[in-house]
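Chemist: So that we are looking at the same thing, I have put the structure below in structure tokens.
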Amino acid sequence: MSDNNLNGRKDQTAVLDKERVDSETLASVTVETPDVTPQVKEEVVKKPKKPTGLILAGLGIGAIAAGTFGYHYWQYTSTHQETDNATVAGHIHQISSKISGTVTQVLVNDNQEIQAGQLLVKLDAQDYQVKVQQAQAALENARRQAQAAQANIALTSQTSSGKTTQAQGDVSSATAAIATAQAAVNEAQSGISSAQAEVKLAQAGIPVAQAQVAQANANLEKAQADYKRYQNLYQQGAIPRQQLDTAKATYDVAVAQKTAAVQGVEQAQARLASAKVGVAKAQSQLAQAQENVTNAQAKLAASQGGLQQATASGQDTTVKRSQYEAAKAAINQAQAALKDAQLQLSYTNIIAPSTGRVGKKTIEVGNRIQAGTPLMAIVDHDYWLVANFKETQLEKMQPGQLVEIKLDAFPHHTFTGRVDSISPASGAQFALLPPDNATGNFTKVVQRIPVKIIFDQKSIQEYATRITPGMSAEVSVEVK
């Protein structure tokens, strides 16, 4: 029962008491009237008196009824808490567009019952279809670039491997050629040393041979002089033939020795010339060997350059792999862009998020809307009550307690429900400007605490489509 009903009943009781007092006063005044005519007094005397016992019985019955009513009222108020400050609440889903576009179809009307997932509004999808096609083309391009990068990896890897093998072979060959040329240089240097030794030996043999020639000349001159003298002496018969022959033999020996000595000088000179030729040849061989070394070193440098290029080709393979990874990342990016474009295209169909009824529809065909523009609201059939009880009424109130509900829209039907929860703060605390009680002029005001009450579904089964959020209600919570 509401606070107003209680006040009304109190007022009725007061009116009844006043009427009873007035009637008793009127009766006493009528009986005690002194100045009346005899005829009137006789009529008064003849008038039958009201039975006092009946009046007292009526008063007793009224007192008993009032006491019974008061007892029941006291018993009711001690086990129930009431308030008429209650309203029906529910889920109101605001429908808006996630994208900008032009409305081409509106498929629902005001107050229409709809189901979750039902199509509500269609927007012009041509621009978003073009974006989807562009995203698909970009994805295909990224995939082809990734395929080309992957093929380049294989080709570069094979080319780099072949170049590396060839360069390593060239380096090995150049190193062997350098070793061979260095050995030839060493051999040529040894030949030069040997030829120079022969030159020195030949140069030393020439003076000896020349000395032998000079000695042979001296011996020849002496033998020739002796032979001529012995010839003169033999012609003169001063010496025998034997001494002349001996002198001639000595002369012939001297001639032979001179010839031999001259030949020795010539041989020494020939050996010197031959030794010089050997030195020149050895020097030529050394120069050739040194040139071979230089060529082999140049070839080694070129081979090492080729090896470096082959190594660089390997690094190029790494670069190609990086390009391939970048291409795969581009594929992922293009796929994300395609999904985004497809998602934007799907937003051209605005669907209902829940089952309910359409309200506050403001959209019409041909409207140009922006993202976030409110189009309509959907009120679903999940209702509850928000009852604002005084804080002094919450002492015994707990979740789960039974509730009687009277809606102003259906005054002849009583609904039932249960207390679901009690708000963590008063309504004033949730206001935009909460009151500040620390200002020095504080006035104590009884606060209202919102209490959520859930309908019993069986009690609203026939009224589910007629109950709407915002309806006023009176609730009585059984707190015993």
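Chemist: Quick one: in segment 371-398, of everything that is surrounded by fewer than 19 Cβ atoms within 10 Å (Cβ to Cβ) and in contact with a Phe, Trp or Tyr (Cβ under 8 Å, 6 or more places away or on another chain), which residue is nearest to A116 (Cα to Cα)?
Modeler: Restricting to residues being surrounded by fewer than 19 Cβ atoms within 10 Å (Cβ to Cβ) and in contact with a Phe, Trp or Tyr (Cβ under 8 Å, 6 or more places away or on another chain), the top hit is W384.
Chemist: Please go through segment 282-303 and give me each residue that is closer than 12 Å to I192 by Cβ and either surrounded by fewer than 16 Cβ atoms within 10 Å (Cβ to Cβ) or without any contact (Cβ under 8 Å) to a residue 40 or more places away in the chain (or both), ordered by number.
Modeler: Once the filter is applied, which keeps residues that are closer than 12 Å to I192 by Cβ and either surrounded by fewer than 16 Cβ atoms within 10 Å (Cβ to Cβ) or without any contact (Cβ under 8 Å) to a residue 40 or more places away in the chain (or both), segment 282-303 yields S284, A287.
Chemist: Pairs needed: first member in segment 258-277, closer than 12 Å to A195 by Cβ; second member anywhere, surrounded by 15 or more Cβ atoms within 10 Å (Cβ to Cβ); C-beta distance under 6 Å; at least 6 residues apart or different chains.
Modeler: Matching pairs, first to second residue: R271/A202; L272/A202; L272/Q203; A275/A195; A275/E198; A275/V199; A275/A202; K276/V199.
Chemist: Name the pairs: first residue in segment 335-351 and aromatic (F, W, Y), second residue not in a helix (DSSP H, G or I), Cβ to Cβ under 8 Å, at least 6 apart or on different chains?
Modeler: Y347/S97; Y347/K98; Y347/I99; Y347/L123
Chemist: Let me ask another. Name the residue, out of A225, A204, A218, A249, that is within 30 Å of A282 (Cβ to Cβ) and loosely packed, with under 13 Cβ neighbours inside 10 Å.
Modeler: A204
Chemist: Considering only residues that are in contact (Cβ under 8 Å) with a residue 12 or more places away in the chain and exposed (fewer than 14 other Cβ atoms within 10 Å of the Cβ), look in segment 426-457 and name the one that is farthest from G356 (Cα to Cα).
Modeler: The first filter runs over segment 426-457 and keeps only residues in contact (Cβ under 8 Å) with a residue 12 or more places away in the chain, leaving 426-428, 446-456.
Pick out the ones that are also exposed (fewer than 14 other Cβ atoms within 10 Å of the Cβ) and you get 428, 446.
Details: A428: 31, V446: 38 Å.
Filtering segment 426-457 for residues that are in contact (Cβ under 8 Å) with a residue 12 or more places away in the chain and exposed (fewer than 14 other Cβ atoms within 10 Å of the Cβ), the one farthest from G356 (Cα to Cα) comes out as V446.
Chemist: Continuing with this model, one more query. Quick one: is T250 under 22 Å from V213 (Cβ atoms), of a type in the set (S, T, Y) and in the same structural domain as P207 (by TED's automatic domain parsing)?
Modeler: yes
Chemist: Taking only segment 228-246 into account, find how many residues are surrounded by 13 or more Cβ atoms within 10 Å (Cβ to Cβ) and among the polar types (S, T, N, Q).
Modeler: Result for segment 228-246: 3.
Chemist: I need a count of the residues in segment 216-239 that are more than 16 Å from E266 (Cα to Cα), part of a helix (DSSP H, G or I) and modelled with pLDDT of 75 or more. Walk me through it before giving the result.
Modeler: If we filter segment 216-239 for residues that are more than 16 Å from E266 (Cα to Cα), which is where we start, we get 218-239.
Next, from what is left, pick out any that are part of a helix (DSSP H, G or I): 218-235.
From what's left, modelled with pLDDT of 75 or more: 218-219, 221-226, 228-235.
Residues in segment 216-239 being more than 16 Å from E266 (Cα to Cα), part of a helix (DSSP H, G or I) and modelled with pLDDT of 75 or more: 16 in total.
Chemist: Could you list, in sequence order, the residues of segment 82-119 that are among the charged types (D, E, K, R) and either within 37 Å of the chain's Cα centre (by Cα) or crowded, with 17+ Cβ neighbours inside 10 Å (or both)?
Modeler: Our first condition is that a residue be among the charged types (D, E, K, R); within segment 82-119, this holds for 82, 84, 98, 110, 113.
E82, D84, K98 - these are the residues of segment 82-119 that are among the charged types (D, E, K, R) and either within 37 Å of the chain's Cα centre (by Cα) or crowded, with 17+ Cβ neighbours inside 10 Å (or both).
Chemist: Report whether or not A181 is closer than 30 Å to Q285 by Cα, touching a Gly at 6+ places or on another chain (Cβ under 6 Å), part of a helix (DSSP H, G or I) and of a type outside the set (D, E).
Modeler: no
Chemist: Here's something else I'd like to know. State all residues of segment 324-370 that are touching a helix residue (DSSP H, G or I) at 6+ places or on another chain (Cβ under 7 Å), surrounded by fewer than 17 Cβ atoms within 10 Å (Cβ to Cβ) and either of a type in the set (S, T, N, Q) or in the same structural domain as Q105 (by TED's automatic domain parsing) (or both); if no residue qualifies, say none.
Modeler: Within segment 324-370, Q335, Q342 meet the criteria.
The values are calculated or read from the model by the stated rules, or taken from the named source; none is laboratory data. Predicted, not measured: the structure shown is a model, and the values here were computed from it. All Cβ positions, even for glycine, are placed from backbone atoms using ideal geometry, and neighbour counts span all protein chains on display.
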